[in-house]
1. Which ones in the stretch 115-127 are farther than 15 Å from Ile67 by Cβ and open to solvent by 90 Å² or more (accessible area, probe 1.4 Å)?
2. Take the residues in the stretch 31-71 that are modelled with pLDDT under 85 and of a type in the set (Gly, Ala, Ser); name whichever of them is nearest to the chain's Cα centre (by Cα).
3. Six or more apart or on different chains, Cβ under 7 Å: which pairs go from a residue in the stretch 99-112 that's aromatic (Phe, Trp, Tyr) to one that's at pLDDT 80 or above and assigned to a loop (DSSP other than H, G, I, E, B)? Could you list them?
4. Could you check the stretch 18-36 and list, in sequence order, the residues that are aliphatic (A, V, I, L, M) and either part of a loop (DSSP other than H, G, I, E, B) or surrounded by fewer than 10 Cβ atoms within 10 Å (Cβ to Cβ) (or both)?
5. Provide a single number: the residues in the stretch 59-83 that are open to solvent by less than 10 Å² (accessible area, probe 1.4 Å), under 17 Å from Leu3 (Cα atoms), assigned to a loop (DSSP other than H, G, I, E, B) and β-branched (Val, Ile, Thr).
6. Let me confirm something: among Gln21, Gln32, which residue is in contact with a Lys or Arg (Cβ under 6 Å, 6 or more places away or on another chain) and at negative phi?
7. Across the stretch 2-17, what is the total count of residues that are of a type outside the set (Gly, Ala, Ser), at pLDDT 90 or above and open to solvent by 40 Å² or more (accessible area, probe 1.4 Å)?
8. So the check is Cβ under 8 Å with 6+ separation or different chains; which pairs have a first residue in the stretch 113-126 that's within 18 Å of Ala15 (Cβ to Cβ) and a second one that's of a type in the set (A, V, I, L, M, F, W, C) and open to solvent by less than 60 Å² (accessible area, probe 1.4 Å)?
Amino acid sequence: TKLSLRAVQALQGMAGDFAIQVILGPGTADLQSCEGPHQVRVARDVRLMSPFMLAADLAVTSCGRTIYELAACGVPTVSQPVNAHERHPMANAESCGALIHKSGIENAIHQAMPNLTWRTAARKQQMSVDLQHGADRFWEIVLGTYRSRMRDMTRFQREATLCPTSLWQECQEPYETR
């Protein structure tokens, strides 16, 4: 999809005094046609992304795990899924403050870059998302759903689900006590 190249070209077409930092992964081809008024710095195979993220006013990325890293750093993000497996996490990306423009990454960049109000709101939304306790929240949801369904069943239905009694009893205990 050449997301990096498209993003740089979109930024090069914008007015303003800013530099463009591009981080390329090991499987990404070199950028071509990056000419324009803004300085472009390219780094490859970066081991520690957080210093780059913390220095950014705006990030452009696909809808992969980087969305969560950027949210944890409070970096307003423009995102576009580039692979089929990234389409489902789009909703998570939006809840983490990413702007996903349905008509293309270029339009999203042109909307987000000059809009300080949006970038400030995105940063606030990102900082309100609890990314540190995801596994605990996941199990609370799973066990809560399981407990609710089991309570709604009769004893006969519970036994018919082949639910071991020990698991049923364990699920009756609050998650925090285990």
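1. Listed by number, the residues that qualify are Leu116, Thr117, Lys124.
2. Gly64
3. So the pair list comes out empty.
4. Ala19, Ala29, Leu31, listed by residue number.
5. Summing the residues that are open to solvent by less than 10 Å² (accessible area, probe 1.4 Å), under 17 Å from Leu3 (Cα atoms), assigned to a loop (DSSP other than H, G, I, E, B) and β-branched (Val, Ile, Thr) in the stretch 59-83 gives 0.
6. Result of the check over Gln21, Gln32: Gln21.
7. So the answer is 2.
8. Met113/Leu11; Met113/Met14; Met113/Leu58; Pro114/Met14; Trp118/Leu99; Trp118/Ala112; Arg119/Leu58; Arg119/Ala112
The values are calculated or read from the model by the stated rules, or taken from the named source; none is laboratory data. Note that the coordinates shown come from a computational prediction; the quantities given were computed from them, not determined experimentally. Every residue, glycine as well, gets a Cβ built from its backbone with ideal geometry; the counts of neighbours run over all protein chains shown. Ligands, DNA and RNA are stripped out before the accessible areas are found, and what is left, the full protein with its side chains, is counted by its heavy atoms. Shrake-Rupley method; radii C 1.70, N 1.55, O 1.52, S 1.80 Å.
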